[in-house]
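First the structure, in the form of structure tokens, and then the observations on it.
The values are calculated or read from the model by the stated rules, or taken from the named source; none is laboratory data. Remember, it's a predicted structure, so these values are computed and weren't measured experimentally. A quick note on method: Cβ atoms are made from the backbone with ideal geometry, for glycine too, and the neighbour counts reach across all protein chains shown. Only protein heavy atoms, including side chains, enter the accessible area calculation; ligands, DNA and RNA are left aside. Shrake-Rupley method; radii C 1.70, N 1.55, O 1.52, S 1.80 Å.
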Amino acid sequence: MQLAAIIVSLVLTVVGVALLARAIGQFVRYFQLGQPVPAGTRTDHPYQRSVTLVREFLGHTRMNRWGVVGIAHWFVAIGFLTLPPTIITAYGQLFRADWTLPVIGGFLPYEMYIEFISAMTTLGIAVLIVIRLLNLPSRPGRKSRFTGSKMGQAYFVEYVILTIGLAIYVLRGLEGALHQVDGYQAAYFASYPLVVAFQGLSLTALQNLVYLFAMVKLSTTMIWMITVSLNTNMGVAWHRFLAFPNIWFKREATGDTALGALQPMTSGGQPIDFTDPGDDDVFGVSQVEQFSWKGLLDFSTCTECGRCQSQCPAWNTGKPLSPKLLMMSLRDHAHAKAPYLLAGGGKTMEGEEKASAEALKDVPAAALAEAERPLIGTLEENGVIDPDVLWSCTTCGACVEQCPVDIEHVDHIVDMRRYQVMIESAFPSEAGTMLKNLEKKGNPWGLAKKQRLQWLKEVDFEVPVVGKDIEDLTEVEYLYWVGCAGALEDRAKKTTKAFAELLHIAGVKFAIMGGDEKCTGDSARRLGNEPLFQELGMENVMSLNTAFGEETDDEGHVTAESKKPRSAKKIVATCPHCLNTLGNEYPQLGGDYEVIHHTQLLQHLIDEGKLIPVTPVEGLITYHDPCYLGRHNKIYTPPREIIANVPGLRNEEMHRHKERGFCCGAGGARMWMEERIGKRVNDERVDEALALNPDIVSTACPFCLVMLTDSVNGKKNDGKAKESVQVVDVAQLLLESVKTPLDPAGEAEAENAPEPEPVK
């Protein structure tokens, strides 16, 4: 028994270690195929990155959002990292059954730790197996987050862990029997029942069982190692290694998710200058090797857990996009194509082969066939990613928010969109109208810039316009960035007027840009038209810097002599998309501003007593979190505090809210595209809201307001929603409560009464 155990274990060890070393080398060469990233963007603040890695791993900050799953996985992960000493012990036991580690082998705290962690790892993996079985892909529809995952690989990994955990547990019992433990001892508190069970066996029997189970433990470990080494695209196994560098190299060293600002377009690791692009610049991604090395690392790290899929609004409404399946497709394609690329294969911008036929003669036929597949193409074209997958994305960020290994799905989707828009001109036709309107008129509706001031005629107080009523913003506290929707869309204008009136009541001095304000370019950028975004952005930055009293050079950058402190450049926006672009993306274009959302300012004014909600607004209300306010900018509390301050309202949360909030369907330029596949995203969200039988559905975004209103009105017409339900912005609710109602006898007198003084 001993001889067989030694031979089997050592042979498998030699093979396993050799294959693992080869696989690591393959990964290094594979990641080098990706494009470089801008210098310092992934390696800045190394100490902070290390702290983030330790915090995310030990705290399991994403996994623990899933309750028992997070706890079970934590013990499995800790067991994987801290139980390798039991492997060394097993090798020693092959040669001497009662062998223990020097120094710490008989150290009580060490033995108790091994007992506890091995037992909890075994229990943890058993829990995860049960959870996987309960969430089988055979569940109806798309309810299982494991739909599309490689279940055979997952079960292999899970049963390997279970087998190793049980082997450790049995070996501990045999060790106790060999050491003649004749009573309960803390060192064997978990395995003591086995110690008792084995006490009646002879010394030879105990030794042979130790040899057997040491072989089982080591052989299982090495078979796992051999299997994963031969399958480098086996994410469910490799994520336990690759997750660590993937988290360390994440976009934000502080640990924030890769949301908010999109990254500038780069080629060869350098930002593209669209005023004078280089001849060799690559626009977007049309080949898998054009992703950065971090992108290739992202794809390989995907563990196929499906948390992103379970939260994705596209997947939940019958669209072809699943963030998980997208990552898996890119990973499998990249690994299959790698031999071709490593041999020097690849195509130039003109479509010519880089390597000679001689250099490619030893490349496997499967890799050559994979290289012929277009990255983006229909099923008939044998494409890796169907175009409908790209255009289904709302860039809501639910996938990025939920991913336990920090994959940056949205950035990769937008990179592929950029190529489709800028090079292929292949995008939904209706979005083309929006782009033309932005180019010609500076707004998605194609209206004249004077229309941006029409809402001023509908308020009975003065709103200063920069360049018309005031020279610059030095005389006011805030610049109110109205936004295209807020100035031009009828439903959103109600929010604009309500917010402006609230500021007037509170005595806040503010001004607007008026006709000089153009679209921030949010939709253009997320559609993939980066040059148009930069054109609009630069014009806005120059206008804003001038309005703030700063001088700019010929390239639009603020001169050092005129630069104002950040606290003096305050902008408030009612649109989260404008908020995100102005605050997070315009710094890329030389615009550095302090930007807040209108709900933040309104709550601040309530706290200061400048706005006092007094009139009850009766009814049950449910609040919808805008994705670009919540997940992208982490603003969840102010809207809810405003609602809580309005007397009479009873707030009830929808099932999916805050970090798990469900998209309205307008983000990612989807506001300007038709939904032709599956259920409309806004209908799905409204169905969830109406299930609470509310009187009011509230939000804090003009895009959300439009989408939710359209769906609610449609359901009213179909008799699926009560006529009294209304969709409003929180600013409208607050204004209704701040205004003191007049008794009927005083209404006539009030019409002729002088304008009241602002609340102090």
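Checking Gly590, Gly514 one by one, the residue that is crowded, with 17+ Cβ neighbours inside 10 Å, farther than 30 Å from Ser737 by Cβ, at pLDDT below 95 and in contact with a strand residue (DSSP E or B) (Cβ under 7 Å, 6 or more places away or on another chain) is Gly590 and no other.
Remark: Asp415 matches the filter, which requires a residue to be within 30 Å of Cys305 (Cα to Cα), open to solvent by 40 Å² or more (accessible area, probe 1.4 Å) and either in a helix (DSSP H, G or I) or modelled with pLDDT of 95 or more (or both).
For region 454-464, a residue qualifies if it is in a helix (DSSP H, G or I) and either open to solvent by less than 40 Å² (accessible area, probe 1.4 Å) or on the phi > 0 side of the Ramachandran plot (or both), and the qualifying residues are Trp455, Leu456.
Report yes if Val421 is open to solvent by less than 20 Å² (accessible area, probe 1.4 Å) and not polar (S, T, N, Q), otherwise no. Considered against the rule, which asks whether it is open to solvent by less than 20 Å² (accessible area, probe 1.4 Å) and not polar (S, T, N, Q), Val421 comes out as yes. With respect to (1) over 17 Å from His412 (Cβ atoms); (2) open to solvent by 30 Å² or more (accessible area, probe 1.4 Å); (3) in contact with a Gly (Cβ under 9 Å, 6 or more places away or on another chain), the lone exception for Pro387 is condition (1).
The number of residues in region 1-11 that are assigned to a helix (DSSP H, G or I) and either of a type in the set (Lys, Arg) or open to solvent by 40 Å² or more (accessible area, probe 1.4 Å) (or both) comes to 7. When the residues of region 439-453 are filtered to those that are part of a helix (DSSP H, G or I) and out of contact with any Asp or Glu (no Cβ under 9 Å at 6 or more places or on another chain), the one that is most open to solvent (accessible area, probe 1.4 Å) is Lys440. Annotation: of all residues in region 483-494 being touching an Asp or Glu at 6+ places or on another chain (Cβ under 9 Å) and open to solvent by less than 10 Å² (accessible area, probe 1.4 Å), the one that is farthest from Gln588 (Cα to Cα) is Ala492. For Thr86, the criteria (1) more than 25 Å from Glu659 (Cβ to Cβ); (2) open to solvent by 50 Å² or more (accessible area, probe 1.4 Å); (3) in contact (Cβ under 8 Å) with a residue 12 or more places away in the chain hold in every case but one, which is (2). Residues of region 603-639 that are crowded, with 20+ Cβ neighbours inside 10 Å and charged (D, E, K, R): Asp625, Arg631.
When Arg29 is tested against (1) of a type outside the set (A, V, I, L, M); (2) open to solvent by 20 Å² or more (accessible area, probe 1.4 Å); (3) within 27 Å of the chain's Cα centre (by Cα), just one condition goes unmet, and that condition is (3).
Does any residue in region 643-663 that is under 18 Å from Gln603 (Cβ atoms) come within less than 6 Å, Cβ to Cβ, of a residue that is part of a helix (DSSP H, G or I) six or more places away or on a different chain, and which pairs are these? That search, which allows pairs on different chains as well, returns Asn645/Ile606; Val646/Leu733; Val646/Ser737; Leu649/Ile643; Asn651/Ile643. Given the structure, is Leu582 under 27 Å from the mean Cα position of the chain (by Cα) and open to solvent by less than 10 Å² (accessible area, probe 1.4 Å)? Yes.
Within region 30-44, is there a residue that is under 30 Å from Pro264 (Cα atoms) and assigned to a helix (DSSP H, G or I)? Looking for residues that are under 30 Å from Pro264 (Cα atoms) and assigned to a helix (DSSP H, G or I), one finds at least one in region 30-44, hence yes. Taking region 135-177 as the range and being hydrophobic (A, V, I, L, M, F, W, C), assigned to a loop (DSSP other than H, G, I, E, B) and open to solvent by 40 Å² or more (accessible area, probe 1.4 Å) as the test, only Leu136 passes.
Considering each residue of region 701-721 in turn, none proves to be out of contact with any Gly (no Cβ under 9 Å at 6 or more places or on another chain), small (Gly, Ala, Ser), assigned to a loop (DSSP other than H, G, I, E, B) and buried (at least 19 other Cβ atoms within 10 Å of the Cβ).
For Gly383, are the conditions met, namely being in a loop (DSSP other than H, G, I, E, B), without any contact (Cβ under 8 Å) to a residue 40 or more places away in the chain and at negative phi?
yes
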